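I have placed the structure first, in the form of structure tokens, so that the comments after it can refer back to it.
The numbers here are math on the coordinates, done by the rules we state, and not lab data. Because the structure is predicted, anything quoted here is derived from the model rather than measured. Counting neighbours? That spans all protein chains shown, and the Cβs are built from the backbone with ideal geometry, glycine included.
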Amino acid sequence: IVVIFLPDNALFVRNYFIEPPTPQLTSIPRDSKGVLDFLATLPGQENVFCANFRLGAYIPVLSHHSSLLGNLPVTPLVNEKIELGNRFLRNRDVELFLNKYHITLIVISKKTQSNFDKSVKRAEWQVVFENATWKIYRISH
């Protein structure tokens, strides 16, 4: 049996050293890529809250910043963070949420941004990035 598999193993080893590995590809919408590109220009490490779980998961992987709700299955206290995040988005416990998790940037979808601006946004928060889909606010503590 060893003799039967020997040529296959030899070809595998040969191909392993001849052909480069296939790069891993991730499909990210253009506007979401714009957010990640902007974050890459910021010095230091920001603590980002993004209510969109998919973009929130990309932030710590594809930038040097942390995301409150990064990889949900391994995020400590994920249920508490989701609940407080939802309360924050309904204009409840805003200061508690921002201070407890030291949030410095908020990424909001343009679909929900008008309601967010009316009910949650504070005058001292600055828009630091905007495209057709996303808006990023810098939080002043």
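Summing charges over all other residues whose Cβ lies under 13 Å from the Cβ of residue 127, with Lys and Arg as +1 and Asp and Glu as -1, gives +2. With the alpha-carbon atoms of segment 6-81 aligned to their principal axes, the span from lowest to highest coordinate is 55, 29, 24 Å, starting with the largest. In order along segment 91-101, phi translates into HN-Hα couplings of 6, 10, 6, 4, 5, 4, 4, 5, 6, 4, 9 Hz, rounded to whole numbers, per the Karplus curve 6.51 cos²θ - 1.76 cosθ + 1.60 with θ = phi - 60° and x for Gly and Pro.
Using 13 Å as the cut-off for backbone N distance, which residues of segment 40-71 belong to the label zone defined by a point 7 Å from the Cα of residue 82 along Cα→Cβ? Output list for this probe position: 52-54, 69-71. So what is log10(I(q)/I(0)) for segment 76-122 at q = 0.15, 0.16, 0.28 1/Å, when the Debye sum runs over its Cα atoms only? Values, matching the q order: -0.37, -0.43, -1.17.
In units of the compact-protein estimate 2.2 N^0.38 Å, segment 29-141 shows a Cα radius of gyration of 0.97. Working from Cα pairs under 8 Å separated by at least six residues, relative contact order for the chain is 21 percent.
Can you list the residues, at least 5 places off or on another chain, whose amide H is less than 5 Å from the amide H of residue 67, using H built in the peptide plane? Amide H neighbours of residue 67: 48.
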